[in-house]
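The values are calculated or read from the model by the stated rules, or taken from the named source; none is laboratory data. Owing to the predicted nature of the structure, the values given are computational and were not obtained by experimental measurement. Note that each Cβ is placed from the backbone with ideal geometry, even for glycine, and that neighbours are counted across all protein chains shown. SASA here: full protein model, heavy atoms, side chains in, ligands and nucleic acids out. Shrake-Rupley method; radii C 1.70, N 1.55, O 1.52, S 1.80 Å.
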Amino acid sequence: MHPMSYVNKIVIAGEDDKLLLFNIEANELIYSFVNITKRLNGARILTFEQSPLFDIVALGLESGELLIVNLKHDKVLSSFTQDSPAKSLSFSSDPSIEKSLLASC
């Protein structure tokens with residue numbers, strides 16, 4: 001995923017259940033999200049989606065847990081649980097809604 005305002009950078013979910021930030025121009029690992037990765041408790045990330053806010057991303061886990069995270073501060077802001085694995089996420093894009101809504105399936 002290419003986060004808004006992160007020039008030449010992408011966030012990937014590694015095979016070892018780590019969330020990583022890479023500079024694609026320099027072809028190098030910039031940061032491993034240690035605190036977010038700890039919170040995964042070994043659950044695999046199936047999907048992630050950029051929110052309308054800078055640095056805020058939703059992660060959908062194989063366990064059914066959804067995490068709202070702040071990439072800039074490597075922090076989990078909120079979590080929710082659903083009955084099945086989170087395979088797809090989407091934030092609302094309606095500017096008339098005062099708060100962002102997150103849909104998952």
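A few comments on the model shown:
- Per-residue ellipticity at 222 nm from helix content only, as computed over the chain with -39500 (n - 2.57) for each DSSP H run of at least four residues, stands at -1500 deg cm²/dmol.
- Solvent-accessible area of the range 17-81 (1.4 angstrom probe, protein heavy atoms only): carbon and sulfur portion equals 50 percent.
- Solvent exposure of the chain as accessible area per residue, Å², 1.4 Å probe: 61 Å²
- Among (i) 13.4; (ii) 14.0; (iii) 16.6, the entry that matches Kirkwood radius over Cα pairs in Å as calculated here: (ii)
- Residue-wise HN-Hα coupling along the range 98-105, computed from phi with Karplus coefficients 6.51, -1.76, 1.60 (Hz; x: Gly, Pro): 6, 10, 6, 10, 10, 10, 9, 8
- The range 61-105: GluC sites (Glu not before Pro) in DSSP loop, at most 12 other beta carbons within 10 Å: GLU98
- The charge dipole of the chain, taken about the Cα centre with unit charges on the Cβ atoms of Lys, Arg (+1) and Asp, Glu (-1), comes to about 180 debye, rounded to the nearest 20.
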